[in-house]
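Worksheet: the structure to be examined is printed underneath.
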Amino acid sequence: MSEYTLTVKGNPIPAARMTQRSKWSKGARRSLAWQETVAYAWMEQTGNATLKGPVVIEMKFYRKTRHITDIDNLIKGTMDGIQYAGGFEKGDHQVWKIQAEKHIDKENPRVEMVAKESIVDTS
């Protein structure tokens with residue numbers, strides 16, 4: 001079973017809900033830029049690893065401010081970046097468990113993550 005640790009520097013950006021028309025909005029562009037940042041960090045820090053089989057993920061989001069942000073959108077934006085990098089063999093539906101937390105760190109915003117291939121009863 002493989003385990004990968006990832007730290008992505010920068011203020012985590014939630015996934016934007018995009019339609020064909022809205023994908024060029026400021027929020028959508030920021031979300032896509034965050035996904036690209038996550039993808040490059042994944043490739044650099046894991047050696048472009050690909051997770052196979054069921055995956056368990058732990059995430060800690062450290063944001064600059066208390067600005068209202070749903071944790072599920074932070075998770076989605078980060079997971080989309082990993083998927084964009086080819087981090088999942090079959091897609092992010094391989095994730096069977098996620099544990100996530102939000103924190104404030106004005107000086108050092110980031111995401112800290114551990115992704116583990118796991119034995120999960122999928123029956």
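Which length gain, in nm to one decimal place, applies between GLU36 and ALA100 when the Cα-Cα distance is subtracted from 0.36 nm times their residue separation?
Computed gain between GLU36 and ALA100 is 21.0 nm.
Placing +1 on the Cβ of every Lys and Arg and -1 on the Cβ of every Asp and Glu, with nothing else charged, gives the chain a dipole about its Cα centre of roughly 740 debye.
Show that you can apply the helix-only estimate: for the chain, add -39,500 (n - 2.57) for every DSSP H stretch of four or more residues, divide by all residues, and state [θ] at 222 nm to the nearest 500. Computed ellipticity for the chain at 222 nm equals -9500 deg cm²/dmol.
Of all aspartates and glutamates in the structure, those lying under 12 Å Cα to Cα from LYS116, and not within fewer than 8 positions of it along the same chain, are GLU3, GLU58.
Spin-label pair ARG29-TYR84: with each label point 7 Å from Cα along the Cα-Cβ axis, the two points sit 1.5 nm from one another.
Mind checking which lysines have their C-alpha under 16 Å from LYS106, skipping anything on the same chain fewer than 8 residues away? List returned: LYS9, LYS60, LYS64. Database remark: amide H of VAL95 closer than 5 angstrom to the amide H of VAL55 (H placed geometrically; neighbours at sequence offset of 5 or more, or on other chains; Pro and chain starts carry no H). Here the simple spin-label model places points 7 Å from the Cα toward Cβ, and for LYS64 and LYS52 these points are separated by 4.1 nm. When the chain is described by a simple charge dipole with +1 on each Lys and Arg Cβ and -1 on each Asp and Glu Cβ, the residue from HIS67, THR5, GLY81 located farthest towards its positive end is HIS67.
Stretching the chain fully between LYS9 and ILE119 yields a gain of 36.6 nm (0.36 nm per residue, less the alpha carbon separation).
Each reported figure results from applying straightforward, stated rules to the coordinates on display, with no laboratory input. The structure displayed is predicted, hence computed values, not measured ones. Glycine also receives a Cβ, built like all others from the backbone with ideal geometry; neighbour counts cover every protein chain displayed.
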